[in-house]
Amino acid sequence: TDQMQAVAEVYESDIGRVRPGQSVSLISENGGFAGSLHGQVIRITPQVRQRQVLSTDPTGDADARVVEVRLALDPQDAAKVRQLAGLKVIARFQP
């Protein structure tokens, strides 16, 4: 498939506010790209687990319980970052 995806780890306490089809914007955590990318939630994994991706925030909770959420990037935004697989991003879910 040509669809580019991102994976977000959402705290279990916040997962009730996330739903399939919901719009999301992504920004680079470390300046890997300028501006923001847009997409939508395509899958919420039905399993709570320990966080895999650690934050750059030293006060972050490494033992946090999270749910993996898969996001599909809009095609025009995916084209901007096609060569940048593996970047850390911050996801902002739209209400």
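Values quoted throughout were computed directly from the atomic coordinates according to the rules given, and no laboratory measurement underlies them. Just so you know, these numbers come straight off a predicted model, no measurement behind them. Positions of Cβ are backbone-derived with ideal geometry, glycine not excepted, and every protein chain shown enters the neighbour counts.
Data table
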read-out	value
Farthest positive-ward along the chain dipole, Cα basis, beta-carbon charges - from Leu73, Ser28, Ser13	Leu73
CD proxy at 222 nm, helix term only [per DSSP H run n ≥ 4: -39500 (n - 2.57); per residue of the chain; nearest 500]	-1500 deg cm²/dmol
Nearest-20 debye value, the chain charge dipole, Cβ charges on Lys, Arg, Asp, Glu	200 debye
Cα-based shape type of segment 5-93, given that a ≥ b ≥ c are square roots of the gyration tensor eigenvalues and the cut on a/c is 1.5	oblate
